[in-house]
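Colleague: Mind having a look at this structure? Questions to follow.
Read the figures in this text as sums done on the coordinates, not as results from a lab. Everything numeric in this text was worked out from a predicted model, so none of it was measured. As a convention, Cβ positions derive from the backbone with ideal geometry for all residues, glycine included, and neighbour counts pool all protein chains shown.
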Amino acid sequence: VLNKMPEFTKGLDLKGCKVFLDCAVCKKSKSKATAIPKHATRLSSRIFELVHVDIVGPFAPSFGGRKYFLTIVDNHSRFGYVYLLKDKSDTFQTFKDFATLVYNQHGINIARIQSDRGGEFMSQQFQDWMRKKGIKHQTSEPYTPA
């Protein structure tokens, strides 16, 4: 996502920016990453049946003080969403807002999420909310593509 950011930003010239492409966090995380399959498997038959979620960061704070990205990718459409967060603790409310947006715009409830067992997704508060909403939580191995 970060490597393609210069390609998708309008009004900001990020082509020469090395902050996104050469950071210590990226290097460290890449050292543990496994090969990504050339053709990702679709594990869903409709939009928002399964969404992959992850937190990326910390980065140097933005002008608004945001240090993290919450990434959400719909497994069926491969459409991605990125939310900027000040703290990891903002993940729960941001995801709840996203689920409301999905329902209001598409009339669909998210059926399953897949995460890498990050603490922000494993909290009791998040687990209780998912249970109440009927959202199943599945996990992948840490440091592997969701």
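Colleague: Work out Dmax and Rg for the stretch 50-139 from the C-alpha atoms and quote the Rg first, both in angstrom.
Modeller: 12.8, 37
Colleague: Mind checking which of Thr91, Val73, His106 is farthest towards the positive end of the stretch 50-139's charge dipole, using Cβ charges of +1 (Lys, Arg) and -1 (Asp, Glu) about the Cα centre?
Modeller: His106
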